[in-house]
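The values are calculated or read from the model by the stated rules, or taken from the named source; none is laboratory data. Since this is a predicted model, take the numbers as computed values, not measurements. Cβ placement follows ideal geometry from the backbone for every residue including glycine, while neighbour counts extend to all protein chains displayed.
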Amino acid sequence: MVALTFDADMTTYMEKQLDRGEVDSYANPRLIAELRRLKVPATIFMTGLWIERYPRVAAGLAADPLFEVADHSYDHEAFSTPCYGLGRTGDMRLSLRRTEALLDRLNPGHPRFFRFPGGCYDKAALKAVAAEGLTPVQWDVVGGDAFATSPDAIVKQTLDHVRGGSIVVLHLGGGKPSGLTDKALPAIVRGLRERGLRPVTLSTLVGRP
Ligand SMILES: [Zn+2]
């Protein structure tokens, strides 16, 4: 089994890019359609700002039994710094609570997984996550779709590193970066199946928190 996970990032800076028309969209409906067409279970880590920006897309994902939705912070600010240039969040627990409230409205039964923005954490961050009853989830395979310039690079990067039990991180954003993920997905899924690996949700892979 392998868990394909997709992060739905949204920062206040990304919102400004959308408002200024510099980026068309940070949702990728083609990717969601591909996951459905290929019947690939997936776990979607959503930021609160992304849910607020794309409420209907978020609700559609949350209502689809093929997917599970989980917490990726409210505004994708870092829980420890330095973290790839991300700003540091002022109140970690508030960031978690606001996002959990949005997720609860979409699907009250969603699993209490949390992914740190940028994967950055320290002891205090782990404590805050535990205090909110959430289970942090990292990854062992980076699909590289945030920086890829071709779908083939995402396919190769993923399939070169994946093995049974892997958690793969990819992105649900449709703008730049990661607008190529939907084009990489069919070959990734084919490659997994050729290796005898079955895509499942995170809850299936590691158990429900
Ligand atoms: Zn992220």
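Quick one: is I51 in a strand (DSSP E or B), within 15 Å of the ligand (Cβ to nearest atom) and under 25 Å from V23 (Cβ atoms)? Give the derivation first.
Working: in a strand (DSSP E or B): no; within 15 Å of the ligand (Cβ to nearest atom): yes; under 25 Å from V23 (Cβ atoms): yes.
No: the conditions fail for I51.
Each row is one residue, and each column tells you yes or no for (1) surrounded by fewer than 16 Cβ atoms within 10 Å (Cβ to Cβ); (2) within 16 Å of the ligand (Cβ to nearest atom); (3) more than 15 Å from S73 (Cβ to Cβ).
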residue: A125; (1), (2), (3): no, yes, no
residue: A128; (1), (2), (3): no, no, no
residue: I167; (1), (2), (3): no, yes, yes
residue: H171; (1), (2), (3): no, yes, no
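Within the stretch 77-99, does at least one residue satisfy the condition of being surrounded by fewer than 24 Cβ atoms within 10 Å (Cβ to Cβ), modelled with pLDDT under 95 and within 14 Å of the chain's Cα centre (by Cα)?
Checked against the condition, which is being surrounded by fewer than 24 Cβ atoms within 10 Å (Cβ to Cβ), modelled with pLDDT under 95 and within 14 Å of the chain's Cα centre (by Cα), the stretch 77-99 yields no hits at all.
Could you tell me which numbered condition R115 fails, if it satisfies all but one of (1) within 16 Å of the chain's Cα centre (by Cα); (2) of a type in the set (D, E, K, R); (3) away from the ligand (no atom under 16 Å from the Cβ)?
(3)
Could you list, in sequence order, all residues of the stretch 113-123 that are surrounded by fewer than 16 Cβ atoms within 10 Å (Cβ to Cβ) and either in contact (Cβ under 8 Å) with a residue 24 or more places away in the chain or in contact with a helix residue (DSSP H, G or I) (Cβ under 8 Å, 6 or more places away or on another chain) (or both)? First the steps, then the outcome.
Taking the stretch 113-123 as the starting set, the residues that turn out to be surrounded by fewer than 16 Cβ atoms within 10 Å (Cβ to Cβ) are 122-123.
The one that is surrounded by fewer than 16 Cβ atoms within 10 Å (Cβ to Cβ) and either in contact (Cβ under 8 Å) with a residue 24 or more places away in the chain or in contact with a helix residue (DSSP H, G or I) (Cβ under 8 Å, 6 or more places away or on another chain) (or both): D122.
Looking at (1) within 17 Å of the chain's Cα centre (by Cα); (2) farther than 18 Å from L170 by Cα, find the lone condition where G109 falls short.
(1)
Residues checked against (1) touching a residue at least 40 places away in the same chain (Cβ under 8 Å); (2) closer than 16 Å to M1 by Cα:
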residue: V141; (1), (2): no, yes
residue: A148; (1), (2): no, no
residue: D152; (1), (2): no, no
residue: K156; (1), (2): no, no
residue: V168; (1), (2): yes, yes
residue: R193; (1), (2): no, yes
residue: L197; (1), (2): yes, yes
residue: T204; (1), (2): yes, yes
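Residue-by-condition table, conditions (1) in contact with a strand residue (DSSP E or B) (Cβ under 8 Å, 6 or more places away or on another chain); (2) under 24 Å from K39 (Cα atoms):
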{"residue": "L61", "(1), (2)": "yes, yes"}
{"residue": "F67", "(1), (2)": "yes, yes"}
{"residue": "P82", "(1), (2)": "no, no"}
{"residue": "L86", "(1), (2)": "yes, no"}
{"residue": "M92", "(1), (2)": "no, no"}
{"residue": "L96", "(1), (2)": "yes, no"}
{"residue": "L103", "(1), (2)": "yes, yes"}
{"residue": "G109", "(1), (2)": "no, yes"}
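For residues that are more than 13 Å from the ligand (Cβ to nearest atom) and either within 12 Å of the chain's Cα centre (by Cα) or buried (at least 18 other Cβ atoms within 10 Å of the Cβ) (or both), scanning just the stretch 137-149, find the one that is farthest from T181 (Cα to Cα).
Within the stretch 137-149, the match that is farthest from T181 (Cα to Cα) is V141.
Residues of the stretch 4-22 being under 22 Å from V142 (Cβ atoms), in a loop (DSSP other than H, G, I, E, B) and not acidic (D, E), which ones?
M10, T11
Given the conditions (1) in a strand (DSSP E or B); (2) more than 16 Å from the ligand (Cβ to nearest atom), and given that T43 satisfies all but one, which numbered condition is not satisfied?
It is condition (2) that T43 fails.
So that you can scan it fast, the table gives a plain yes or no per residue for (1) more than 14 Å from T135 (Cα to Cα); (2) among the charged types (D, E, K, R):
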site	(1), (2)
L66	yes, no
H72	no, no
H76	yes, no
Y84	yes, no
L96	no, no
L103	yes, no
R112	no, yes
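Kindly indicate whether V69 is within 22 Å of R208 (Cα to Cα), at pLDDT 95 or above and within 16 Å of the ligand (Cβ to nearest atom).
When the stated conditions are applied, V69 passes them.
Restricting the first residue to the stretch 56-71 and requiring it to be surrounded by fewer than 19 Cβ atoms within 10 Å (Cβ to Cβ), which pairs with a second residue that is in a loop (DSSP other than H, G, I, E, B) meet a Cβ separation below 8 Å and a spacing of at least six or different chains?
Note: pairs meeting the criteria are A63/N107; L66/K39; L66/V40; L66/P41.
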